[in-house]
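Reviewing the structure listed below.
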Amino acid sequence: MPIRREGNNESQRGDCMSRTLPDQPGLMAPGVVAATPTRVAEVMTREVVTLSPRHSFQEAITLVARHRFRHLLVVGADARLAGVISDRDLLRFMAREPHWDTATVAEVMKPQPVTVRSETPLSTAIAEMLTRRINCLPVVDEAGRVCGILTSTDLLQAFQQIQAWIEQTGKASR
């Protein structure tokens, strides 16, 4: 059975840093303060569902289909991150393995994925995702235990909120 884990009890978005935008064409006038996320903790998804390497491939498929997840985190018996599986990994595995229905998560997962910490600057995490062409970064604590996951969807949601705020503020100041 998959395990649902939650990170610490901080709020979903955490603290935001305020800064004044410069007076440049296309940007708001000076003095308008915008709250923008600056750390992974402010944007990441804290509640994650994890699997063990011993779970079946079919259980992974069921989770992806039922919850519409694109990434699953794999956690070992020591509660540390062991790997990650994407929906694409599952599809590729099914296409090349005739007996995929008897496989385990350990056979499909990408071991030792790139990770970030919750205090990692958001710009660093985004640069890592762009450089490596990946759509998620597991977020771990100093012991390697899962705290959450940062996905491209999390980043788009944060961007959408910032953009909506800019558009609303721009209309109000006209």
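The values are calculated or read from the model by the stated rules, or taken from the named source; none is laboratory data. For clarity, every value in this text was computed on a predicted model and none was experimentally measured. So basically every Cβ, Gly included, is an ideal-geometry build from the backbone, and we count neighbours across all protein chains shown.
Within the range 138-160, can you find the residues that are of a type in the set (A, V, I, L, M, F, W, C) and more than 12 Å from Val43 (Cα to Cα)?
Those that are of a type in the set (A, V, I, L, M, F, W, C) and more than 12 Å from Val43 (Cα to Cα): Val140, Ala143, Val146, Cys147.
Quick one: which residue in Arg4, Arg13 is at pLDDT below 90, assigned to a strand (DSSP E or B) and of a type outside the set (A, V, I, L, M, F, W, C)?
Just a single option satisfies the conditions, and that option is Arg4.
Here is a yes/no grid of residues against (1) at pLDDT 95 or above; (2) among the acidic types (Asp, Glu); (3) farther than 18 Å from Val146 by Cα:
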site: Glu59; (1), (2), (3): yes, yes, yes
site: Val74; (1), (2), (3): yes, no, no
site: Ala79; (1), (2), (3): no, no, no
site: Glu97; (1), (2), (3): no, yes, yes
site: Pro111; (1), (2), (3): yes, no, no
site: Glu119; (1), (2), (3): yes, yes, no
site: Ala125; (1), (2), (3): yes, no, no
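Surrounded by fewer than 16 Cβ atoms within 10 Å (Cβ to Cβ) and of a type outside the set (Ser, Thr, Tyr): is that true of Arg39 in this structure?
The answer is no for Arg39.
Out of the residues in the range 37-69 that are closer than 15 Å to Val84 by Cβ and without any contact (Cβ under 8 Å) to a residue 40 or more places away in the chain, state the one that is nearest to the chain's Cα centre (by Cα).
Phe69
Scan the range 143-166 for residues that are among the small types (Gly, Ala, Ser) and assigned to a helix (DSSP H, G or I) and jot them down.
Ser152, Ala158, Ala164
Sort out which residues of the range 47-62 are surrounded by fewer than 19 Cβ atoms within 10 Å (Cβ to Cβ) and either more than 16 Å from Phe93 (Cα to Cα) or of a type in the set (Lys, Arg) (or both), and write them in order of number.
Glu47, Val49, Ser52, Arg54 - these are the residues of the range 47-62 that are surrounded by fewer than 19 Cβ atoms within 10 Å (Cβ to Cβ) and either more than 16 Å from Phe93 (Cα to Cα) or of a type in the set (Lys, Arg) (or both).
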